[in-house]
1. Where the only charges are on Cβ atoms (+1 Lys, Arg; -1 Asp, Glu), what is the dipole of the chain about its Cα centre, to the nearest 20 debye?
2. Assuming 1.567 mPa s and 4 °C, estimate D for region 257-309 with Stokes-Einstein, Rh taken as the Kirkwood radius over Cα pairs, in µm²/s.
3. Could you tell me how many degrees, from 0 to 90 and to the nearest 10, lie between the Cα long axis of helix 16-26 and the main elongation axis, the longest principal axis, of the Cα atoms of the chain?
4. Leaving out ligands and nucleic acids, and using a 1.4 Å probe, what accessible area per residue does region 236-343 come to in Å²?
5. What percentage of the solvent-accessible surface of region 216-284, computed with a 1.4 Å probe over protein heavy atoms, is contributed by carbon and sulfur atoms?
6. Check which residues have an amide H placed less than 5 Å from residue 273's amide H, if you skip close sequence neighbours.
7. Test of understanding: what is the full-extension gain from residue 182 to residue 216, defined as 0.36 nm times their sequence separation minus their Cα-Cα distance?
8. For the chain, which longest stretch is free of loop sites, where a loop site is one of the trypsin sites (Lys or Arg not before Pro) that DSSP puts outside H, G, I, E and B and that has at most 10 other Cβ atoms within 10 Å?
Amino acid sequence: DKGTYPHFMLKEIEEQPFVLRNIIQKYMDENGELTIDKNILNSMNDTDRIYIIAAGSSYHAGLIGKQYIEKVSKVQVEVHISSEFAYNTPLLSERPFFIFISQSGETADSRSVLVNIKKLGYPSLTITNVPGSTLSRECDYTLLLHAGPEIAVASTKAYTAQVAVLAILAEVTARSKKIQVNFDLIQELSLVANTMEVLCNCKDTYVNIAQKFFSTTRNAFFIGRGMDYYVGLEGALKLKEISYIQAEGFAGGELKHGTIALIEEGTPIVALSTQEGINLSIRGNVKEVVARGANPCIISLKGLEQDGDTFTIPEVHEFLTPIVSVIPLQLISYYAALHRDCDVDKPRNLAKSVTVE
Ligand code: F6R
């Protein structure tokens, strides 16, 4: 039931702060510490390489999860698109551990990988929103997203829940390995939940951005570096699937290796800048496209903002920006789709769970 909301997508976007607080509660033990099933931690500690397998938005969450697990828990991670892995299996390490990220737990491409790696005897974990789903039943372990049912075809709250659970998995694994984590994840995630609420209350701004940049354009580019690049991929996927604008995400430095040829007078470029280390380089990339006529929509993090930025996100821990910077992108896509009279909750040609390979 979507209650008073005009669309499930809007309802689910607005649920994100509550989902995040719920995740913190569900993963907290009686001493107020984040905790994960011991068996999962044993697998995280025994493995020499983690293979994350996922599709679509869940794949984008996996790309961020790799950063978390490698940087915080110091385990090597590869992230693979499930349909590619299924037919083009890479050389595996000696002790692989597989993590299947899937909102529905039913994605056939991911399941087909699971069937194969189980035959090889490798351990597996699914991070999913649906208890009792196929992946949850067939993987050795499950971490739930606790996001509540996601009805809109475009994934929103499941994506942010996936990133949050991956951050928790990385932190708890690090602690179990006695690796020092120099921030308090519960506190930082709680701050993120509050920031999400602030961001959900900036609707007028998103309506204006949607109108200014996306009311008539045929295409759009999203650029970023590092984690901002991955959020850009997710922002582009949201925009294309519900508004039918051809949108693509690129690594900021990669544009000039070909794609910049597509920039014309007025082409919208959404640039994300939430990471101190890459702020100047991404702004350099913005200058390159503006010189070719692009219409820049710059979304920055407080502290890194510059005059002329389109929107600035309140400060959160640099590590967790992918959970907040995606919210303006979700809402801008939503209003762009509304403006273009698209069926927001049920975009053409798409199904909520993709149960065919
Ligand atoms: C995008 C979207 C899809 C799914 C993908 C994987 O908004 O919803 O890209 O993320 O089909 O689905 P799950 O996560 O159910 O495996």
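1. 420
2. Stokes-Einstein gives a translational diffusion coefficient of 113 µm²/s.
3. With rounding to tens, the tilt is 20 degrees.
4. 39
5. Roughly 50 percent of what the probe reaches on region 216-284 is carbon or sulfur.
6. Answer set, sorted by chain and number: 299, 300, 301.
7. Extending this stretch completely gives an extra 7.6 nm.
8. The longest uninterrupted stretch comes out as 1-177.
The values are calculated or read from the model by the stated rules, or taken from the named source; none is laboratory data. This one's a predicted model, so the numbers in the text were calculated from it and none came from an experiment. FYI the Cβ positions are ideal-geometry reconstructions off the backbone, even for glycines, and counts take in every protein chain you see. Side chains are part of the model used for accessible areas, which takes the heavy atoms of the whole protein and leaves out ligands, DNA and RNA. Shrake-Rupley method; radii C 1.70, N 1.55, O 1.52, S 1.80 Å.
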